[in-house]
1. Pairs of alpha-carbon atoms within less than 8 angstrom and 6+ residues apart define the contacts here; what relative contact order does the range 238-277 have, in percent?
2. Rounded to whole Å, give me the distance from the Cα center of the range 1-42 to that of the range 130-148.
3. For the chain, what's the relative contact order in percent, using C-alpha pairs closer than 8 Å and at least 6 residues apart?
4. For the chain, which DSSP H helices look membrane-span-like by this rule: Cα extent along the axis of 15 Å or more and mean Kyte-Doolittle of at least -0.5?
5. Could you work out how far the C-alpha centroid of the range 244-266 sits from that of the range 91-126, in angstrom?
6. What FRET efficiency comes out for the pair residue 34/residue 92, r = Cβ-Cβ distance, R0 = 30 Å, nearest 0.05?
7. Taking the Cα centre of the chain as the origin and placing charges on Cβ (Lys, Arg +1; Asp, Glu -1), which of 102, 37, 159 is farthest toward the positive end of the dipole?
8. Where does the chain land on Rg/Rh, using Cα atoms and the Kirkwood Rh?
Amino acid sequence: MTEDDIRDGYKEHAALAQFYRWYQFYERPEGGISNALDILTEDVTVTSGLGTANGHDEYEARVLQLPETWLNAHHVQTAEISHGDDGAMTLSAKVTYQNKGLLPDGAVREADLTYTVALIPGEDVLPKLSNVQIEQNSESTAEAFEDAYAENRMLSLVHYWLALIEDPTRNPEPVREVLADDFSLNFSSGAITDFDGFKAWLAGPGSQVAASTHVIGDFSVAAVDKGTYEVSMTFDWAGITPDGTELVAKTKHDWTVENDVTERFARIKSVDVEVLEPFRPAGN
């Protein structure tokens, strides 16, 4: 991992948080169209096999025509981000799309898609999608429909959380949006059970490096009951101290997450952290 990778990590997490949000309306339309429009610039251009939609009104008119009886799933296989000028980014992704409802007799349509997404800085850490191009590479049928909502919804939350805690501005206020009312964060530095405690952590242990980023591994999601999920993953962490020393570590996270489909993001109820590899200089 290069120094640029570490310093740009929070920007890429923010881009991925928005990209995974793209699928929410298609997979759970009851969440409302406002969450779909929230990630797009006013003059967005969306091009797919359905044609081109320019701006919010045309895009909304298009997606609201999709039959409510359809089941849609988007399984993201790869996603790569490149950086341009003035904070712009381009995201290229390979996605396996599944649909149940279009074909007769309950058959599941499956298509391999390539996404090319242009993102520009927004008013906060989250960028906006300004151009979305979707190309279909192949089409077939699948043996069964596999819902992707929980994974996409939770990945959007995790990437947003990482973007916020890695953001060098160390602004705690946006984090309120992703914490449940009675949250508990059991970090290696101690338990946090109120927002004042979180602010102190972000200003203290969370700010001891000049830049940091996390790579997500071993990601899994399980539904506990309606609206509650258990998320498990590992984080390979890399940071740069003010004197330029690069540090690394590895942790395992187990989260309990509450989900209201109408909100922009799900909310973290609890976090339990296990240190797998303690902080140490890179290469040691």
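What follows is calculated from the coordinates using simple rules that are stated; it is not laboratory data. Computed from a predicted model, the values in this text were never measured in an experiment. Virtual Cβ from ideal backbone geometry, glycine too; neighbours counted across all protein chains shown.
1. Values: 53 pairs, mean separation 15.2, N = 40.
About 38 percent, as a whole number.
2. 18
3. Numbers: 590 pairs, mean separation 48.8, N = 284.
Relative contact order, the chain: 17 percent.
4. On the way: long enough: 9-21 (18 Å, -0.74); 149-166 (25 Å, 0.38).
Membrane-span-like by this criterion, though nothing is claimed about a membrane: 149-166.
5. The range 244-266 and the range 91-126 have Cα centres spaced 23 Å from each other.
6. On the way: r = 27 Å, r/R0 = 0.91.
It comes out at approximately 0.65.
7. My answer, from the dipole projection, is 159.
8. Values: Rg = 19.4 Å, Rh = 19.9 Å.
Rounded to two decimals, Rg/Rh equals 0.97.
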